[in-house]
Amino acid sequence: MLSIAILAAGKGTRMASSIPKVLHEISGKTLLERVINACSELNPDQIFVIIGHKSKEVQDSIPHSKNIKFIIQKPQLGTGHAIQVLCNQVEKNKGNLLVLNGDVPLITSDTLKKLLTLHDSKNADVSLVTTKKKNPHGYGRVFIKKSFIEKIVEEKDCNNQERQHLLINAGIYCFKWGKLSKTINSLKSNNNQKEIYLTDTISLLNKSLSLEVDDNGELQGINNRIQLSKCEEIIQKLIKEKHMLKGVTFINAPSCSISEDSEIGKDVIIEANTHIRGNSKISDNCVIGPNTFIENSIVEKNCKILNSTVYNSQIMDHIKIGPYSHIRPNCKIYSHSKIGNFVEIKNSQIEDEVKVNHLSYIGDSIIGKSTNIGAGSITANFDGQKKHQTKIGKNSSIGANTVLIAPINLGESVTTGAGSVITKDSQDNSLVISRPKQVNIENWKKNKS
Ligand code: UD1
Ligand code: CA
């Protein structure tokens, strides 16, 4: 039987934040979510999340799940105290208990599996993940004697010699839960931090083993924002390198960020300062950026998006967007269309081969195939209370600076005169024009003087 405890009750004072530490995010996911995801891959029987500081916020951040239970630790007297609270609340302390610090977010299920395998195959009382750090500052130092761990000494309790020791405790442990329960209540807080340390159980248990892994960034703990940023860098490097090996070119990789859940096709070029977030998909042969932000959107093949922002939308193939366009949620833009300079589109369907080239706002609209929207044209979709729809049929030509007052339905092959304010629906093939006739008053200047 496998149970897991995730320690997430601390405030995270060193983050200098009003948000609990485990709710800070890296690459769009909270630290806690990441640890839970790694644990879930082990199919545990139950996961206990120990919460305390801002417990409601932490609990609410996790979607309801049958095998996740929350244990309240108040006050928070240390990592050992957290596990005391757990052991005293749960009746059956059977099988293995895997304990993870909630602030070590890059831990992989592979490493956890290795820990469990070592623990079971060697029949250990406790096994924990260690690594040698060039700079071990801040971590507990792990001392091994005759292949068993003798003790862990926290940074603040180290003497000068112990502080030089490079093998550190990653904060990830597998215990025989029955044995842990018998020793956990004897932990004391007679140390420099006056905390009850979980790490003190090691010297109380008989057979303590170390799974030493390479220091590849996976075990980076987060106590402050410098370490938060370090983890972001580590994860982004991994994500981008994965895409590079699958055929994506990054022109300036360090300036770009890609979410884990985004897909990118072959021969896509990601230019500098481009960010692809959420659940996005970029298909083959697109050029994205520079300076582009895409979130929760699908971009089909052969698109070029430059200096633009796209949210929750679908961009079909062979489309050019930008520079400086803003595609707001709920847009579907069909093949071979062109959305040009300084254009905003929201909740609209733009059919094939449409051109909206310059300085337009299109909201709540359906624009038919091959229609051209002249420079500066605007759909006036809001009457102060409600949003209304604009429909323009195919092959239409909207003159520059047309204002379309919605709700409005222009037919197919309609032309509007430049500068018109259109308030009434029109038939197919009409010329629609609404502007005062031009008056030329001759010799005007001469008469005035
Ligand atoms: C801890 C370890 C240290 C290890 C390091 C790895 C102890 C005593 N020390 O130190 O050996 O090298 O992690 O990153 O365990 N928490 C609670 N309740 C509490 C206190 C803490 O749930 O009462 C949670 C925190 O929210 C955090 C985790 O436990 O997620 C670790 O606590 P933290 O104070 O960050 O421990 P470290 O000083 O980093
Ligand atoms: Ca920590």
Residues of segment 184-209 classified as surrounded by 20 or more Cβ atoms within 10 Å (Cβ to Cβ) and either not charged (D, E, K, R) or not assigned by TED's automatic domain parsing to the domain that holds I6 (or both), total: 10
Residues (touching a strand residue (DSSP E or B) at 6+ places or on another chain (Cβ under 7 Å) and surrounded by fewer than 17 Cβ atoms within 10 Å (Cβ to Cβ)) located in segment 85-115: Q89, G95, K114
Only one of L115, L106, L97 that is modelled with pLDDT of 95 or more, of a type in the set (A, V, I, L, M, F, W, C), within 25 Å of V213 (Cβ to Cβ) and part of a strand (DSSP E or B): L97
Any pair with Cβ under 8 angstrom, 6 or more apart, that starts in segment 70-84 at a residue that is more than 16 Å from ligand 2 (Cβ to nearest atom) and ends at one that is modelled with pLDDT of 95 or more and polar (S, T, N, Q): F70/S55; F70/Q59; I71/Q89; I72/S55; K74/S55; Q84/N185
Residue count for segment 5-50, restricted to those that are farther than 19 Å from E218 by Cα, in contact with a Leu (Cβ under 6 Å, 6 or more places away or on another chain) and β-branched (V, I, T): 1
In segment 86-118, the residues that are more than 9 Å from ligand 1 (Cβ to nearest atom), out of contact with any Ser or Thr (no Cβ under 7 Å at 6 or more places or on another chain) and of a type in the set (A, V, I, L, M, F, W, C): L86, V90, L98, V99, L106, I107, L112, L116
Matching residues, segment 325-341, being under 11 Å from I305 (Cβ atoms) and either outside any strand (DSSP E or B) or of a type outside the set (A, V, I, L, M) (or both): S325
Flag for Q89 being touching a residue at least 12 places away in the same chain (Cβ under 8 Å), within 16 Å of ligand 2 (Cβ to nearest atom), more than 24 Å from S208 (Cα to Cα) and out of contact with any Lys or Arg (no Cβ under 6 Å at 6 or more places or on another chain): no
Condition check for I51: assigned to a strand (DSSP E or B), over 18 Å from I19 (Cβ atoms) and out of contact with any Lys or Arg (no Cβ under 7 Å at 6 or more places or on another chain): no
Only one of A418, A400, A375 that is in contact with a His (Cβ under 7 Å, 6 or more places away or on another chain), hydrophobic (A, V, I, L, M, F, W, C) and part of a loop (DSSP other than H, G, I, E, B): A375
Where a residue in segment 216-230 is without any contact (Cβ under 8 Å) to a residue 24 or more places away in the chain and on the phi > 0 side of the Ramachandran plot and its partner, wherever it lies, is more than 13 Å from ligand 2 (Cβ to nearest atom) and not in a loop (DSSP other than H, G, I, E, B), with Cβ under 7 Å and at least six apart: none
Of all residues making up segment 156-178, the number that are touching a residue at least 12 places away in the same chain (Cβ under 8 Å) and over 21 Å from P105 (Cα atoms): 10
Number of positions in segment 428-443 that are closer than 13 Å to G393 by Cα and exposed (fewer than 11 other Cβ atoms within 10 Å of the Cβ): 0
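The values are calculated or read from the model by the stated rules, or taken from the named source; none is laboratory data. Worth saying up front: this structure is predicted, and the values here are computed from it rather than measured. Neighbour counts are summed over all protein chains in view; Cβ atoms, including those assigned to glycine, are modelled from backbone coordinates with ideal geometry.
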